[in-house]
Amino acid sequence: MKSIKTKIYALATIIVVTTFFCVGLYWTKTILRAVQGEMACENSYDWASVKPSRLLSKAIETAPGVVSKSDISVSNRNYNSGLAIDKYLNNDFGLTYPWLIHSTNKRKGKIEYLSFNKKTGLIEYRTVLRKSAKDKWTEKRVYCVGPDGIAAEPDKKLGRFINLITTSEMWINGDVFYNKALRQFFRIETKVIETENGWQFDLANSKVIKGPQLDIEKYDIVQIGRIKKGRLDLRFTPPMKEFKKDAPSNAQKRKNSSYNTNKHYSALDSYRTHLTDKILALSSDGTIYMVDDSTLEIVSIAGNLPMASTMLGGAEKPAPKNLFAYDVKPLVVDGEYKGLMVASVSRDNTGVAVSVYDHNGKRLTTNYSRPKYTSRSRRGNYRNEGIENFCEMPGGLLVITLKYIVENLYPAGANVLSYFFSDSFEATKGYSNIFIIPDSFPAMFGRESTGNKYGQFLGVLGIISPSILIGLFLSWRVVKDARAIGIDKSDRRFWLIATIILGLPGYISYRIARPKQTLVTCENCGQLRRPDEEICHHCKLVWSIPAMEKPVWRVN
Amino acid sequence: MLRLIIREINDRILHFAIVIGLASAIVVMMLFSTIGSTSGQEVRLEGFTLVGLVICVVIFYGFGFAQIQSDRNKKVFAFLSTLAVTRGMMFLSKVIAGLVTIAVFFIPVSIAIQFVIRRYMSPMSIQSLAVTDMLWSVFFISLTAYGLGLVVGWGNGKIIPTLGGLFLTLLFYSIVVIKGIHLGDLLPVVAPVIISCFVIAYRKFMAASF
């Protein structure tokens, strides 16, 4: 019983100490990561571009008066720490919803919104009404949508949606969404009728359109509509004409969104970077599909996410979860789809890539951010890849060494877990992990898709050998001390294992939780023994208690 | 037991007054700024959460720390040990007094926030659910700070345990920055630490020589 209580106390101490220790190390690593990201930006071309864009015909690019060709560019200048607070500070922390709010008036009016009710598995269209500032807001459910229909009240006949993926700009009528569990695209088509009280939904004639069921082996859709992650912003600049030479009419000025009053204006009469009759769908393997808006069928492959060159992150597949950020934009000129522009940032936030696909989904080109300082970088489209490039940067070796030292202060167990679970972490979520370090060197090894797995694991053991050695050394110290102060065998074994796995936090926990009594000399064996224990833990001698006898002397 | 709890609150009356004052100030500030603003949307709940959380953390850490440290220094434990109360009851009364203080802060603030949301901001039920989620997160972080105060209060000396403990508490507060303010993200990390802090505090209380 005493041993169980001691172990509970020890475990509690370990939890508290390890948490604090890892939070401290987390911040150290975050500072290093910020320095690393800043260095990558400073010492390499932190942008990638394709100029000319290759999506426009030569006739447009070289038309008379064109002074600048079309350009697709992306910059990784805005360093994103990957902390949850980043989202928070950008007001993207849950109080605003991916579900749209149609019209809002601050003190009175009507709010309409769609929300997904997890309990019923139905999409609910709700309105919130307030006629005047004196009234209360009244919330009302107008209709519920399930895979099998629309009704005013929740009904089992409507079925259930599970794992719903929506477009980021979901509109009340004509919404397209994807149900992962059913592997189908859906669209809500509501009808309205005019009544004495104004417009009302005609639920009897409203329906839910279903697309064909997708092949589970082939398609694993993770995002639809606006394909974007993080702050990355891909920019398309059309071919530019000089203002003075070929001045546009007022009508042209209004039409042309990128008109620049000072110098240049767009050579394209009309272009946009979104689709109206089709939607894009991103698969977990990085393939971008084109989905027909009316039939809800996948009609073609529009392109793929490029794998940005990475200095520290290890080789990976260009899957959405492996990328720190990405942005996908289609280009439509005069109503005609020209092709797809795709950009991505590597997991370690050190490199950017941009790819261009034509209207058939054929890749035209991919460009990467490049280092500024190596002789190799001057040779064409050299990829900014590999740790050796980072070490060549001014101060790069110092940062790498510090990163290595900090990572080896982490518990050896955390390093081993980082290796095994490196692939299961989504790139940005990994950065808000305290105990497992997805951007560490062991994790980098873990993500290498090539090579012998056993060899890799041995390599990882080599990398984390300082952390293992620290654990072994400290566990030896712990066991030696525990034996000296008479901690029993099962507790010694507990501390031995804890210190090997946890390293420094394990040792600190032991120092905090160990008995604090001052030892006394045993009169039998002469070694130090604990005064609170009944027997000497060396020679098993019990305390010799003097008999309570009447003294022979007496003071009169 | 009730007398012990009342004694705890009486002894920490200054802390208790600060907590009540702070809760009242937040409630009044929130109501006035909301009613005074034309749109009703100028009250930044997220701002309250981040700044308010630092204040909560410091106050509740201080409360836990003072409960142990000052009773040790004033030999209150030694005195109570001579009366017909067990150590377990003494510890429990301290924890209940701490929880009451946290509740005194959170209940009016939560009611005020919900009122402001319902009356002046968004009437959507899901929005107030998100705020409730945030408030629970603040509550659990405050509870952790209080638990840490109870543990650090056993340290010898005044300056190092006070400042060191405060530093550790603020370091722990940074979990909000790392993980975000949502309860689902925070609880897996915070819950084991809260339980562990109370286990350590209990153990230290039971084993200490007063």
Charge context of residue B:66, other residues only, Cβ under 15 angstrom, K/R +1, D/E -1: +3
Would you work out the relative contact order for region A:460-556, in percent, from Cα pairs under 8 angstrom that are 6 or more residues apart? 21
Show me the three semi-axes of the equivalent ellipsoid for region A:515-556, from the C-alpha gyration tensor (sqrt of 5 times each eigenvalue), largest first, rounded to whole Å. 29, 12, 9
Say a paramagnetic label sat at a point 7 Å from the Cα of residue A:8, along Cα to Cβ; which residues of region B:180-210 have their backbone N under 20 Å from it? B:191-209
Reach of residue B:74 by Cα under 20 Å, taken over aspartates and glutamates that are not fewer than 8 positions away in the same chain: B:8, B:11
Over region A:464-519, what relative contact order in percent results from Cα pairs under 8 Å that are six or more residues apart? 42
Along the Cα→Cβ direction, 7 angstrom out, place labels at residue A:397 and residue A:360. What is the inter-label distance in nm? 5.1
Share of alpha-carbon pairs per 10 Å distance bin for region A:454-518, given as whole %: 23, 46, 21, 9, 2
Along principal axes, Cα extents of region A:109-222, largest first, whole Å: 56, 26, 26
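Which of the residue pairs A:110/A:156; A:136/A:228; A:51/A:210 have a Cα-Cα distance greater than 32 Å in the structure shown? Before the final figure, lay out each step's value.
On the way: A:110/A:156 29 Å; A:136/A:228 38 Å; A:51/A:210 41 Å.
In this structure, A:136/A:228; A:51/A:210 lie more than 32 Å apart at Cα.
Which FRET efficiency, nearest 0.05, do residue A:217 and residue B:7 yield, Cβ-Cβ r, R0 45 Å?
Computed FRET efficiency for residue A:217 and residue B:7: 0.05.
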Would you kindly derive the ³J(HN,Hα) couplings of region A:272-285 from the backbone phi angles with the Karplus curve 6.51 cos²θ - 1.76 cosθ + 1.60 (θ = phi - 60°), listing them in order in whole Hz, with x for Gly and Pro? 8, 10, 8, 9, 10, 9, 9, 10, 9, 9, 9, 9, 5, 8
Within 10 Å of each residue's Cβ, count the other Cβ atoms and sort A:199, A:553, A:476, B:154 from fewest upward. A:553, A:199, A:476, B:154
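Quick one: which of A:317/A:453; A:118/B:179; A:118/A:191; A:69/A:241; B:75/B:204; A:516/B:204 span more than 20 angstrom between C-alpha atoms? Intermediate results must be reported in sequence, preceding the final value.
On the way: A:317/A:453 17 Å; A:118/B:179 24 Å; A:118/A:191 25 Å; A:69/A:241 9 Å; B:75/B:204 16 Å; A:516/B:204 12 Å.
Where the Cα-Cα span goes over 20 Å, the pairs concerned are A:118/B:179; A:118/A:191.
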Give a residue-ordered list of calculated ³J(HN,Hα) values for region B:92-104 (Karplus: 6.51 cos²θ - 1.76 cosθ + 1.60, θ = phi - 60°; whole Hz; x for Gly, Pro). 4, 5, 5, 5, 5, 4, x, 5, 4, 4, 4, 5, 4
Multiply the residue gap between residue A:518 and residue A:480 by 0.36 nm, knock off their C-alpha separation, and tell me the result in nm, one decimal place. 12.0 nm
Approximate spin-label separation residue A:426-residue A:135, in nm, with each point projected 7 Å along Cα-to-Cβ: 3.9
Among all the aspartates and glutamates, which ones have a C-alpha under 16 Å from residue A:329's C-alpha, if same-chain residues fewer than 8 places away are not counted? A:71, A:169, A:233, A:277, A:358
Amide H neighbours of residue A:70 under 5 Å, at least 5 residues apart or on other chains, H built in the peptide plane: list them. A:53
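Computed from the coordinates by the stated procedures, all read-outs in this text should not be read as laboratory data. These figures come from a predicted structure and were not determined experimentally. Reconstructed Cβ throughout: ideal geometry from the backbone, glycine too, with neighbour counts over all protein chains shown.
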